[in-house]
Amino acid sequence: MKNKGFTIIELMVVIAVISILMILVANLLVSVLSGSNQQFLAMTNVDQAVSVSTKFTNDLRNATNGVDGSFPLYIADVNQIIFYSNSSGALNANRIRYYLSGTTLYRGVVTPTGSPLTYNLASEVVKPVQTDIANGANSIFTYFDGDYAGTGSALVQPVNINNIKYIKMNLIILKKSQANSTDTFSVSAGGVIRNLKTNLGN
């Protein structure tokens, strides 16, 4: 009577097949999880960009003279803007700065202090508000005069801040829907400085 069971060769074949199956399943799981993570990053970038543009518009619309009598708009460059605003219910106008450094957009805030109130630039609180900026040579900030009604050319740099009535933020951001992807999406938002508007609506 022969003994029933697996031979060593049969066991080795079974182990090899199971090992291959385990490797295939592991690779599939890694691929699925990686794809989900990339989709999450893409959605996060989109949500963040919308939030940044909304915050910028709110800051801008509430721009006003600084506590030291400064004009509401201080600097109007292609990748940096500085203005004074009492957005978010601030009692006194804060000095607000949006600027690009590398591929990150930052927002800096200086709250006036002292008596009389002044802006101590050393006390600026800076936070990154958007990463993965891919504007390249495209301006983040564009400026328009009082004749702007939704279409028309932007003012040419260097811009005379006294002519600016409407400002746009234009963000081009990496989607990150796939690893090493160079695909981008755009978010554009604009606003009028209410204290400077002429014929523009809200």
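FYI, it's all coordinate maths here, none of it is from the lab. Keep in mind it's a predicted model, so treat the numbers as computed, not measured. No Cβ is skipped: glycine too gets one built from the backbone with ideal geometry, and neighbour counts run over all protein chains shown.
Assuming 0.36 nm per residue, please report the length gained on full extension of the stretch residue 25 to residue 125 beyond their Cα-Cα distance.
This chain segment gains 31.2 nm when fully extended.
Indicate the gyration tensor shape class of the stretch 44-110 (rounded, prolate or oblate), computed on the Cα atoms with a ≥ b ≥ c the square roots of the eigenvalues: a/c under 1.5 is rounded; otherwise a/b larger than b/c is prolate and the rest oblate.
Oblate shape, in that a/c is at least 1.5 and b/c is the bigger or equal ratio.
Tell me, what is the percent relative contact order of the stretch 29-196, built from C-alpha pairs under 8 Å that lie six or more residues apart?
RCO, the stretch 29-196: 23 percent.
Using r as the Cβ-Cβ distance of residue 194 and residue 103, and R0 as 22 Å, what FRET efficiency do you calculate, to the nearest 0.05?
Computed FRET efficiency for residue 194 and residue 103 comes out at 0.10.
Quick check: convex hull of the Cα atoms in the stretch 29-196, volume per residue, rounded to a whole Å³?
In the stretch 29-196, the Cα hull volume divided by residue count equals 129 Å³.
For the stretch 88-187, what class follows from the C-alpha gyration tensor (a ≥ b ≥ c being the square roots of its eigenvalues): rounded when a/c is under 1.5, otherwise prolate if a/b is larger than b/c, else oblate?
oblate
I want the local charge near residue 144. Using Cβ-Cβ distances under 10 Å, sum +1 for each Lys or Arg and -1 for each Asp or Glu among the other residues.
Values: positive: 165, 168; negative: 145, 147.
Result for the neighbourhood of residue 144: 0.
How much length is gained if the chain between residue 86 and residue 13 is pulled fully straight, taking 0.36 nm per residue apart and subtracting their Cα-Cα distance, in nm to one decimal?
In short, 18.9 nm is gained.
Less than 15 Å Cβ to Cβ from residue 93, Lys/Arg counted +1 and Asp/Glu -1: what total charge do the surrounding residues give?
+1
Between residue 163 and residue 138, how high is the FRET efficiency from 1/(1 + (r/R0)^6) when r is the Cβ-Cβ distance and R₀ = 25 Å? Nearest 0.05.
About 0.70, to the nearest 0.05.
Rank by packing, highest mean first: peptides 91-99, 46-54, with packing defined as the count of other Cβ atoms within 10 Å averaged across residues.
Per-residue mean Cβ counts within 10 Å order the peptides as 91-99, 46-54.
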